[in-house]
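Undergrad: Okay, handing you the structure first.
The values are calculated or read from the model by the stated rules, or taken from the named source; none is laboratory data. Bear in mind that the values here come from a model prediction, so they are computed numbers and not experimental data. Backbone-built Cβ (ideal geometry, glycine too); neighbour counts: all protein chains shown.
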Amino acid sequence: MKYRLSTTAVSEADRTEKIANPGFGKYYTDHMVICEWNEATGWDEPELIPYGPLSLDPATAVFHYGQEIFEGMKAYRQPDGGVSLFRPDANALRFARSAKRLALPEMPIDLFIETVEELVKADSGWVPGKIGEALYIRPFMIATEVGLGVRPSNKATKMG
């Protein structure tokens, strides 16, 4: 995995304040993982990059044909201070099944888990420590081929 760490990460004090009163979908971690796929070469090496906006051509397939999938999963702080994911293999299998149904590329289970684990490792400071709280992770994939035409996209991107 390639790493490009954020130079504008939230300070520990600000992060602690946000975690104390999180609210669902209100705050976002400092990084995201992106992994590109294309028909000719398959999955590229994943890259952990600073969280930020996406730039997509208006003719990108996801906008016109709805080729998009997502998963929802959580990372929990353990009593020893470590962080654990709850059944990431089940999320990876569901992600692959969803991709197949929408004519998107199926991401290998181990690659899906690696991308999520590396993101959680990089942003472990965002995982709350209170019982019953967790960091919500939402991996998604979109068809990123530019062009119109009803057929499976020859490019896709997995993020999250």
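Undergrad: Answer yes or no: is there a residue in region 93-103 that is modelled with pLDDT of 95 or more and under 13 Å from residue 35 (Cβ atoms).
TA: yes
Undergrad: Residues in region 115-132: is at least one surrounded by fewer than 21 Cβ atoms within 10 Å (Cβ to Cβ) and more than 30 Å from residue 13 (Cβ to Cβ)?
TA: No, because not a single residue in region 115-132 is surrounded by fewer than 21 Cβ atoms within 10 Å (Cβ to Cβ) and more than 30 Å from residue 13 (Cβ to Cβ).
Undergrad: Separate question: Can you name the residue in region 43-83 that is touching a helix residue (DSSP H, G or I) at 6+ places or on another chain (Cβ under 9 Å), surrounded by 15 or more Cβ atoms within 10 Å (Cβ to Cβ) and of a type outside the set (A, V, I, L, M) and is also farthest from residue 103 (Cα to Cα) among such residues?
TA: My answer is 77.
Undergrad: Checking residue 82 against (1) within 17 Å of residue 118 (Cβ to Cβ); (2) within 19 Å of the chain's Cα centre (by Cα): exactly one of these is not met. Which one?
TA: Status for residue 82: all satisfied but (2).
Undergrad: Sticking with this structure for a sec: For region 16-42, which residues satisfy the criterion of being free of Cβ contacts under 8 Å to residues at least 60 places away in the same chain, surrounded by 11 or more Cβ atoms within 10 Å (Cβ to Cβ) and not aromatic (Phe, Trp, Tyr)?
TA: Residues satisfying the conditions are 16, 17, 18.
Undergrad: Which one is modelled with the lowest pLDDT, of the residues in region 1-51 that are small (Gly, Ala, Ser) and over 25 Å from residue 108 (Cα atoms)?
TA: Selected residue: 23.
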